[in-house]
Structures are given as structure tokens and as C-alpha cells.
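S.K.: Before we start, here is the structure in question, set down as C-alpha cells.
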Amino acid sequence: AVEVSWNISLFSYFGKGFEWISPTLNLGIYAVEVATAFVISMFLPKLTTFLPATLVSVLVVVAVEFGLARQFGVETPLIGDYGGAQVVTPWETIFSSKYTLPSLVSWESWKLILGYGSALFATQFTETAIALNVVDRLDESQGPGFLVLIGQGIANIVSGLLGGMGGSGVVSMSVLADRTFGTTCLSTFMTGLMVFVFVTWGYPVINFIPLSAISGISIAMVCSFIQWRSMG
């Protein structure tokens, strides 16, 4: 329900409505692509852990969209159809002359810093702690939670100095990574590296990813949350 409502709001916001559903074939191809991404995301990790299931899902759906569907005049929506990935360069940091930093000797400045900082810290700390707890339960292991939180804090400080936005652990992404066996430090490093590559140079590629691939992966991710044994 959340996924459907989100898609409806997205289409309405960008003024595209449901024009792409008009031909029944378009809807059928969209459903096939969603099902393909879903099946690959759910079952490929059971066959091999050498290839990341989500990446394979996206590549296969892109191949179906541009190699088959569009060759016959059938088009389903892409990320680029709804704003796409946009990166503004050159990047601005807090040291840029564009910004005027408040004086740190003023109590008014510290009230703002401590107020917003405490709220953000509590939110990110809680969300990351929940994500760590969920992954520990899924793996039936005990991860280095303290080191993760320390690393997250250092990363957020550096990100803020460079003009970026702070981040935290996300339960949904953590579960997805766990289900695809991306649980090592190498997986975390590669995630950060690929984000850097796409933000710096590769962001135009994102515009060609079909929304059906994202929908299929999202549905698979939701299914991963369900403890099917408890329903028996």
C-alpha cells in the first residue's frame, strides 16, 4: 500500500498522470519487468553470492526495456522521466565564500547548534541502533555496534565539512544487504565507493534505470522483512 501510494503521488506530482498505462501492453511489460526484478532479487542469492542480486536485477530489466520493449515501441517510465539524477557542480563546502559561518563565541549560535545537533544525533543514533539490532537478529550474531556508531559519527563530520549531508543506518537497506550477503567490510567500502563514482561522474546513467526495476527490488525487500515461519 505504501509503495502504491508513493508511486501515485510521484506520477501526479510530475504531471505525467497515468498516460503510460493507457496501452494495455505497456502495463503488461511493466508488470513483467517488476516480476523479473522481484524474482532475481529474491532467489539469485540462494544460487550464488558472487553477483549482487539487486545489480543483476537492474541490469536485466534495463536489457529487457531497451533491448526488447522499446524495439517494439513499448515504453515504461524511467527515473529520468521524473526529474532524474541531478548534481550541481562545483561542489560547495562550508569553507566557501558563499556561506557565512556564525560566531562560535555566541551563546545564540550554540543554542542552535546544540538544539538541532542533539535532535539529529538522537534520530540517527536510534535508527542505526535499530538497523544493527535487526541485522544481528537475522544473522544470529553480534556485530561491532559501537565501532559502527563511531565510524558513522566521523563520516558525518567529514561529510558536513565537505558540504554533504549526514547519514545513518537504514533498516530496509540493511536487510536488503543482509539478504544478498553484503555483510562484510568490503561490501560497505564498495557501497561508498560506488556512491562516490555515481555522484561524481556516473549520475547520468541513473536516468536510464526503469522504475519497474526499483519497484521489483522494493517488493522483494519488503518480503524479506516477513518471518514466513511465524505464519505457519
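The values are calculated or read from the model by the stated rules, or taken from the named source; none is laboratory data. Everything numeric in this text was worked out from a predicted model, so none of it was measured. Every residue, glycine as well, gets a Cβ built from its backbone with ideal geometry; the counts of neighbours run over all protein chains shown. When the accessible area is computed, the model is the full protein with side chains, heavy atoms only, and any ligands, DNA or RNA have been set aside. Shrake-Rupley method; radii C 1.70, N 1.55, O 1.52, S 1.80 Å.
S.K.: List pairs: first in the stretch 49-73 and polar (S, T, N, Q), second open to solvent by 70 Å² or more (accessible area, probe 1.4 Å), Cβ under 8 Å, 6+ apart or cross-chain?
M.R.: Note: pairs meeting the criteria are T49/F181.
Yes/no per residue for (1) free of Cβ contacts under 8 Å to residues at least 24 places away in the same chain; (2) farther than 29 Å from R179 by Cβ:
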position	(1), (2)
S109	yes, yes
S118	yes, yes
T128	no, no
Q142	yes, no
F146	yes, no
V158	yes, yes
G163	no, yes
G166	no, no
G169	no, no
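S.K.: While we're here: Taking G143 as the residue in question, decide whether it is modelled with pLDDT of 80 or more, surrounded by 13 or more Cβ atoms within 10 Å (Cβ to Cβ) and assigned to a loop (DSSP other than H, G, I, E, B).
M.R.: no
S.K.: Out of the residues in the stretch 50-75 meeting the condition of being under 20 Å from the mean Cα position of the chain (by Cα) and not in a helix (DSSP H, G or I), tell me which one is surrounded by the most Cβ atoms within 10 Å (Cβ to Cβ).
M.R.: Once the filter is applied, the top-ranked residue is P52.
S.K.: Using the structure shown, decide if S187 is more than 18 Å from F225 (Cβ to Cβ), open to solvent by 30 Å² or more (accessible area, probe 1.4 Å) and part of a loop (DSSP other than H, G, I, E, B).
M.R.: no
S.K.: I'm trying to understand the selection: among the residues of the stretch 102-121, which are within 19 Å of G169 (Cα to Cα) and open to solvent by less than 50 Å² (accessible area, probe 1.4 Å)?
M.R.: Matches in the stretch 102-121: G117 only.
S.K.: Then there's this: Check off (1) over 30 Å from Q142 (Cα atoms); (2) not in a helix (DSSP H, G or I) for V197 and give me the number that stays unchecked.
M.R.: Condition not satisfied by V197: (2).
Residues are listed down the side, and each one gets a yes or a no for (1) touching a Lys or Arg at 6+ places or on another chain (Cβ under 9 Å); (2) at pLDDT 85 or above; (3) not in a helix (DSSP H, G or I):
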position: D81; (1), (2), (3): yes, yes, no
position: I94; (1), (2), (3): no, no, yes
position: K98; (1), (2), (3): no, no, yes
position: V105; (1), (2), (3): no, no, yes
position: G115; (1), (2), (3): no, yes, no
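S.K.: Closer than 22 Å to V134 by Cβ and open to solvent by less than 80 Å² (accessible area, probe 1.4 Å): which single residue out of S174, S212 fits that description?
M.R.: Testing whether each residue is closer than 22 Å to V134 by Cβ and open to solvent by less than 80 Å² (accessible area, probe 1.4 Å) leaves just S174.
S.K.: Testing V135 on (1) open to solvent by less than 40 Å² (accessible area, probe 1.4 Å); (2) of a type outside the set (G, A, S); (3) touching a Leu at 6+ places or on another chain (Cβ under 8 Å), one condition comes back false. Which one is that?
M.R.: Every listed condition holds for V135 apart from (3).
S.K.: Identify, from the list V148, V158, the residue that is surrounded by 14 or more Cβ atoms within 10 Å (Cβ to Cβ) and not hydroxyl-bearing (S, T, Y).
M.R.: Just one listed residue meets the conditions, V148.
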